[in-house]
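Below: the structure, in C-alpha cells.
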Amino acid sequence: MIDKQLLKEDFAKYFGEGEPRFFAAPGRINIIGEHTDYNGGFVLPGAVDKAISMAIRPNGTDIVNLISIDHEDAHLFFRIGGPQPKEQWASYFYGVIEEMRQRGAKIGGFNAIFGGDVPLGAGMSSSAALESCVSTALNAIYDLKFTKQELAKIGQMTEHHYIGVRCGIMDQFASIFGQKGHVVRLDCRSLMFDLVPFKPKGIEIVLIDTMVKHSLASSEYNVRRAQCEEGVDVIKKYLPDVQLLRDVSIEELEAHRSEIDPIAYRRCAFVINENKRLMAACAAMEKGDFEEVGRQIYATHDGLSQEYGVSCAELDFIVDIAREHKEVLGARMMGGGFGGCVIALVKKEGVESYVEDVKERYQVKFDKEPRVIEVEISDGAREI
Ligand code: GLA
C-alpha cells in the first residue's frame with residue numbers, strides 16, 4: 001500500500017493548501033468458487049494486503065480533478081454530470097459518481113490523488129479495489145449513508161454500465177467486507193455472508209502471476225455469462241421458479257440437455273459443480289482437512305480449463321507443475337481467467353521448491369518471467 005505520508009506530500013504538491021482525508025481499499029484472492037457469483041452461487045474470497053489508496057478533498061466546484069500516481073502522475077479532470085472521460089482509470093471515478101447520483105446522492109467536485117500496489121491484470125481485482133476506494137471515500141466525505149452492501153453494488157454496476165463487463169459481486173464485496181485473517185463465505189444471491197477464519201497451520205497461499213492478460217478476457221467473460229443465462233432460459237420453461245443456475249441441480253440440467261446448446265450445457269454444468277466443490281471445500285476446511293480442500297481446488301482448475309474454457313496455456317502449465325510437487329495441496333487459475341495468476345495452497349516446506357521449479361521451466365517454455373506475489377489476508381476498505 002502506498003505510504004500515507006507520500007500521498008499527503010503529493011496531494012500538497014499538486015493541490016496546495018488544505019488537509020485531505022485518506023482511504024484505502026484492497027484487491028482480493030478467492031480460494032474457490034469461480035464464475036459462480038453472477039449465477040447466484042457461493043464464493044470464498046478474502047481481501048489482501050495490496051490496496052489502492054487515495055487522498056481526497058472536496059474543492060467547492062463541480063469539477064473532479066484526478067492524479068493517478070500509477071500512470072506517471074497523469075492529470076485528468078471531468079465535470080460531474082458531463083461526458084464520461086475516455087481513460088478507463090478515470091471512468092471508475094465517473095461511474096461510481098454517476099451510480100451514486102442515480103441513487104439520489106449529492107456529490108460535489110473534489111481533488112484526489114491515488115495509486116496502489118494491487119498487481120494489474122493478475123486477476124486480483126485492482127479495478128474493484130479502485131471502485132471500492134472511491135465509493136468508500138465519497139460515502140464518508142459527503143456523508144451519503146450508503147450501506148456497505150450498497151457500496152459493493154455501486155462498484156459492480158460501475159463495471160456493468162461504464163466499463164462494459166457484466167461482472168458478479170464477489171470482487172467489490174470482498175474489497176469492502178474483507179477482514180484480516182478471514183475469508184468471506186458469501187451467498188451471492190442473498191448477500192448473506194460468514195467470515196470464516198483462514199489460517200491453515202503450516203500452509204501458505206502462493207500466487208504466481210503468468211504476466212499475461214489475453215485480450216479476450218472481458219468479451220469472453222460476457223459470453224460465459226450469456227451462456228449460463230441461455231441454460232437457465234431453457235430450464236425455466238419447465239421449472240418456472242428457477243431464476244439463476246444456483247437453483248438448478250445437475251439432474252435437472254441433464255434432463256434438458258438435448259434442448260441446450262452443447263457448449264452452453266458444459267458451461268452450466270461447470271457452474272453447478274463448482275458450487276458443490278465450494279461446499280465440499282468449506283466442509284473440509286471446518287474439519288481442518290486441507291488435503292481435501294486442495295483436491296477440490298485442483299478439480300476447479302480442471303473445470304475452468306476444460307468445461308468453462310477460461311484458462312490458457314500459461315495457467316495450465318503452472319498448475320501442471322504443481323501436481324508434480326506433493327507439498328502443493330491444490331492449485332488453480334484465479335479470477336475471470338485468460339491470464340492473471342494461479343493460486344496454490346502449499347505446505348511451508350514445499351513453497352521454495354515449487355516456486356523455483358515454476359520460475360525455471362516457465363522461463364524456458366514461454367520466454368517470460370512469472371511473478372510471485374506474496375499476500376496476507378487483510379482488512380477491507382477503510383479510512384486510514
Ligand atoms: C471476475 C469478476 C467476478 C467473478 C470472477 C470469476 O473477477 O469480476 O465477479 O465473476 O471474475 O469468478
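Every number here is computed from the coordinates shown, using simple stated rules; none is lab data. Quantities reported herein were computed from a predicted structural model and do not represent experimental measurements. In this analysis, Cβ positions are derived from the backbone assuming ideal geometry, glycine residues included, and neighbour counts consider all displayed protein chains.
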| remark: Packing-ranked peptide list from 236-248, 147-159, highest mean Cβ count within 10 angstrom first, is 147-159, 236-248
| Fluctuation leader among SER218, SER126, SER258 - the chain, Gaussian network, Cα springs under 10 angstrom | SER258
| query | Which peptide among 192-198, 46-52, 182-188 comes first, and what is the full order, when sorted by highest mean count of other Cβ atoms within 10 Å? | reply | 46-52, 182-188, 192-198
| task | For VAL212 and ARG382, calculate 0.36 nm times their separation in residues minus their Cα-Cα distance, and state this gained length in nm to one decimal. | result | 58.1 nm
| Please state the equivalent ellipsoid semi-axes for the chain: what are the square roots of 5 times the Cα gyration tensor eigenvalues, largest first, in whole Å? | 35, 26, 19
| field | Sum of -39500 (n - 2.57) over DSSP H runs of 4+, divided by residues of the chain (222 nm, nearest 500) | value | -13000 deg cm²/dmol
| For region 203-374, what class follows from the C-alpha gyration tensor (a ≥ b ≥ c being the square roots of its eigenvalues): rounded when a/c is under 1.5, otherwise prolate if a/b is larger than b/c, else oblate? | oblate
| field | FRET efficiency for LEU6 and ASP289, using Cβ-Cβ distance with R0 set to 51 Å, rounded to 0.05 | value | 0.70
| remark: Contour minus Cα-Cα span, LEU120 to GLU72, at 0.36 nm per residue, comes to 15.8 nm
| field | Förster radius 41 Å - calculated FRET efficiency between ASP261 and ASP367 (Cβ-Cβ, nearest 0.05) | value | 0.60
| C-alpha center-to-center spacing [region 13-60, region 94-158] in angstrom | 8
| task | Return the aspartates and glutamates within reach of LYS348: Cα separation strictly under 18 angstrom, same-chain partners fewer than 8 residues apart disregarded; answer none if there are no such residues. | result | GLU204, ASP289, GLU291, GLU292, GLU324, GLU327, GLU356, ASP357, GLU374, GLU376
| note | Helix 88-102: inclination vs the chain longest Cα principal axis, degrees, rounded to 10, gives 80
| field | Mean separation of Cα contacts under 8 Å (6+ apart) over length of the chain, as relative contact order % | value | 23
| With axes computed from alpha carbons, what is the tilt in degrees of helix 126-141 against the longest principal axis of the chain, rounded to the nearest 10 within 0 to 90? | 40
| task | Go ahead and run the numbers for FRET between GLU374 and ASN273, Cβ-Cβ distance against an R0 of 41 Å, rounding to 0.05. | result | 0.85
| Mean-position separation - Cα centroids, region 185-259 and region 319-347, in angstrom | 19
| If you line up the long axis of helix 351-366 against the longest principal axis of the chain, both from Cα atoms, how many degrees apart are they, to the nearest 10? | 90
| note | Extension length gain for GLU220 and HIS161 (0.36 nm per residue less Cα distance), in nm, is 19.5 nm
| remark: Once the in-chain neighbours fewer than 8 apart are removed, the lysines whose Cα is under 21 Å from LYS153 read LYS106, LYS145
